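Please read the structure below before turning to the comments.
The values are calculated or read from the model by the stated rules, or taken from the named source; none is laboratory data. Quantities reported herein were computed from a predicted structural model and do not represent experimental measurements. Every residue, glycine as well, gets a Cβ built from its backbone with ideal geometry; the counts of neighbours run over all protein chains shown. We work out accessible area using only protein heavy atoms, side chains counted, and drop any ligands, DNA or RNA first. Shrake-Rupley method; radii C 1.70, N 1.55, O 1.52, S 1.80 Å.
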Amino acid sequence: MTLLAVERIKLFSTRSPWWCMLLALGLTVGLTALISANWTGPLPVIGAVFTHTFGLYVIMVMAALAVTTEYRFGTIRSTFQAVPDRISPMIAKAVVVMLLAGLVGEAAAFGSWGLSWLLADDTSQLALTSANDWRHVAGVGLVYAAGALLALGVGALVRQTAGAVSIILVFALVLESVVGFIPNIGDDIQKWMPFTVVSKFIFGDPDPSAIPEGAGPPAIGELSPWGSLAYFAGIALAVYVISLVVVKRRDA
């Protein structure tokens, strides 16, 4: 519990987490407001959380900063001197950051959903009446938490803010899109890219008419929605475990 308290204090001792949380909430809820106010016809549940990916990227930047900032200012050395095994404080940091990311994800998802009720002309399809509907909304927090773990691993491996943020954003926003253009094998590779796969957990296999034209998630492989989350979380955990091994072996 002491380590958790220490990591919480360190995380909130800088302004970046606060700005990142506000930006994640503002982007997600604000863009949802625009979609809801201009939607024609019944607004589905997935339309209310369609913008969650924008907040996800911001939260991943926040998670990367949680570790790269410590390397930048040298505070990580003091932590490792106090806890020589190095693994315990890194795990405590992961718990704190993942919990915060999950809470922000839930706030963004339910905030977007609630605002959609107020702004949409037709809310007949917005009620959370099935397990899938609840997964569309409540599942956002789980994706944010897993994404934060992945970003922590990248940050611990790279140790530089610019490098870590660049890797995260370029991979998610550029690489996963352009890999599909590789002749013959591009589509097969793309459908197993982590962010492409995890989109199925939130969106499932929606009716193409249920989301904005041309904006639906790419075709996914044979994984179920929960299998898609497990796949994404497994990759995030693997990256973080690798980062723990590297942190343990190299100088701070």
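For this structure, a couple of remarks:
- Taking only protein heavy atoms and a 1.4 Å probe, the accessible area of the chain is 67% carbon and sulfur.
- Karplus (6.51, -1.76, 1.60) ³J(HN,Hα), θ = phi - 60°, over segment 174-186, in Hz, Gly and Pro reported as x: 10, 4, 5, 7, 7, 4, x, 7, 5, x, 6, 10, x
- Among 227-233, 19-25, 95-101, 126-132, the peptide with the highest mean count of other Cβ atoms within 10 Å heads the list, and the full ranking is 95-101, 227-233, 19-25, 126-132.
- Centre separation in Å (Cα based) which lies between segment 88-104 and segment 113-181: 17
- Longest exposed-site-free window of the chain, the sites being GluC sites (Glu not before Pro) in a DSSP loop that have at most 11 other C-beta atoms within 10 Å: 1-212
- Over the residues of the chain, the helix contribution to mean residue ellipticity at 222 nm works out to -23500 deg cm²/dmol, using -39500 (n - 2.57) for each DSSP H run of at least 4.
- Note that the chain presents 48 Å² accessible area per residue, ligands and nucleic acids not counted, probe 1.4 Å.
- Lysine pairs within the chain, Cα separation less than 25 Å, 8 or more sequence positions apart or different chains: 4
- Rounded to the nearest Hz, the phi-derived 3J(HN,Hα) couplings of segment 79-84 under the Karplus curve 6.51 cos²θ - 1.76 cosθ + 1.60 (θ = phi - 60°) are 5, 5, 6, 6, 10, x, where x marks glycine and proline.
- Label-to-label distance, Val83 versus Phe171, with points set 7 angstrom from Cα along the beta-carbon direction: 2.4 nm.
- Note on Ile182 and Thr14: their simple-model spin labels are 3.4 nm apart, each label 7 Å out from Cα toward Cβ.
- Shape of segment 141-209, Cα gyration tensor, a/c cut at 1.5: oblate
- Largest accessible area first, the listed residues Asp133, Asp251, Asp122 line up as Asp251, Asp122, Asp133 when surface is computed with a 1.4 Å probe on the assembled protein chains.
- Full-stretch length increase - Thr129, Trp226 - with 0.36 nm per residue and alpha-carbon distance subtracted: 33.1 nm
- Paramagnetic reach from Asp122 in segment 14-53 [backbone N under 16 Å; point 7 Å along Cα→Cβ]: 36-48
- Student exercise, the chain dipole from Lys, Arg, Asp, Glu Cβ charges, in Debye to nearest 20: 1360
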